[in-house]
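**Student:** Structure incoming, see below.
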Amino acid sequence: MHGESAIRDEAVVMHRGDAGESHWRYTLLTAGHGWVAPLRRKPGKRPQRSAPPDLFEYGEIWIPAARSGTPSVLEEFRPVRSHRALAGRPEAFAAAARLANLMRLNLEHSESTEGALRLLLETLEALCTRPRPDAAVFKALYRLARDEGHPVREEWATDLTEANRTAARRLLRQPLDAIDTPVESVQAVTHSLLLYLSGNCHWRLT
């Protein structure tokens with residue numbers, strides 16, 4: 001019987017949930033293998049080759065080949081960047097979680113996730129160190145939709161009100177440190193963008 005190939009890649013931890021009493025189920029966004037969902041044994045008496053990774057941690061993974069019908073196992077995770085600063089920034093953490101969830105829901109069929117991984121890492125770093133997490137997520141969602149081939153500039157932006165079009169243009173052009181756009185305006189254009197992606201591009205929002 002055929003088995004799954006081994007995976008050695010770079011990845012970001014997008015989700016971690018219980019898979020029985022002794023294991024976690026991880027959801028990882030990788031550069032070269034798309035989405036993978038291996039198991040990882042919870043800490044116990046048996047020594048592990050590496051510590052279990054945290055949410056949003058970025059590192060190098062090793063998933064050995066699995067026989068057909070058996071689950072893949074996250075054997076090794078070599079951390080590169082932790083993004084632990086998010087734990088002390090509640091708004092930034094919530095923004096990261098929102099972005100991660102939207103990516104999990106809507107990048108299922110991407111042929112290559114390397115560009116999405118780079119965008120995610122850039123956004124996570126910004127959320128750890130820069131102001132305006134609301135603006136950071138809007139920028140990321142716009143770029144993600146554009147990179148996926150959706151005509152956000154040609155269709156979505158042209159249908160905005162003049163005030164929202166001006167706000168969106170300023171948000172996309174200015175660095176986060178310079179943005180003074182009111183939170184309400186950022187929320188309005190983000191909501192509008194998500195409604196467009198849901199209605200016109202079949203994005204799942206929940």
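The values are calculated or read from the model by the stated rules, or taken from the named source; none is laboratory data. Quantities reported herein were computed from a predicted structural model and do not represent experimental measurements. Virtual Cβ from ideal backbone geometry, glycine too; neighbours counted across all protein chains shown.
**Student:** Are any of the residues in the stretch 115-133 within 20 Å of I179 (Cβ to Cβ), touching a Ser or Thr at 6+ places or on another chain (Cβ under 8 Å) and not assigned by TED's automatic domain parsing to the domain that holds E60?
**Tutor:** Taking every residue of the stretch 115-133 in turn, none turns out to be within 20 Å of I179 (Cβ to Cβ), touching a Ser or Thr at 6+ places or on another chain (Cβ under 8 Å) and not assigned by TED's automatic domain parsing to the domain that holds E60.
**Student:** Right, here's the next one. Just checking: which of the strands (runs of 3 or more DSSP E) contained wholly in the stretch 1-59 hold 1 or more residues that are modelled with pLDDT of 90 or more, buried (at least 17 other Cβ atoms within 10 Å of the Cβ) and touching an Asp or Glu at 6+ places or on another chain (Cβ under 6 Å)?
**Tutor:** Values: elements: 7-18, 23-30, 39-41.
By residue number, 7-18, 23-30.
**Student:** Restricting to the stretch 161-172, give me the number of residues that are loosely packed, with under 12 Cβ neighbours inside 10 Å and among the β-branched types (V, I, T).
**Tutor:** Of the residues in the stretch 161-172, 1 are loosely packed, with under 12 Cβ neighbours inside 10 Å and among the β-branched types (V, I, T).
**Student:** Could you list, in sequence order, all residues of the stretch 84-104 that are aliphatic (A, V, I, L, M) and under 17 Å from R143 (Cβ atoms)?
**Tutor:** A95, A96, L99, A100, L102, M103 - these are the residues of the stretch 84-104 that are aliphatic (A, V, I, L, M) and under 17 Å from R143 (Cβ atoms).
**Student:** Quickly run through the stretch 173-197 and pick out the residues that are farther than 13 Å from V137 by Cβ, in contact (Cβ under 8 Å) with a residue 12 or more places away in the chain and either touching a Ser or Thr at 6+ places or on another chain (Cβ under 9 Å) or surrounded by 16 or more Cβ atoms within 10 Å (Cβ to Cβ) (or both).
**Tutor:** Passing the criteria: T181, S185, A188, S192, Y196, L197.
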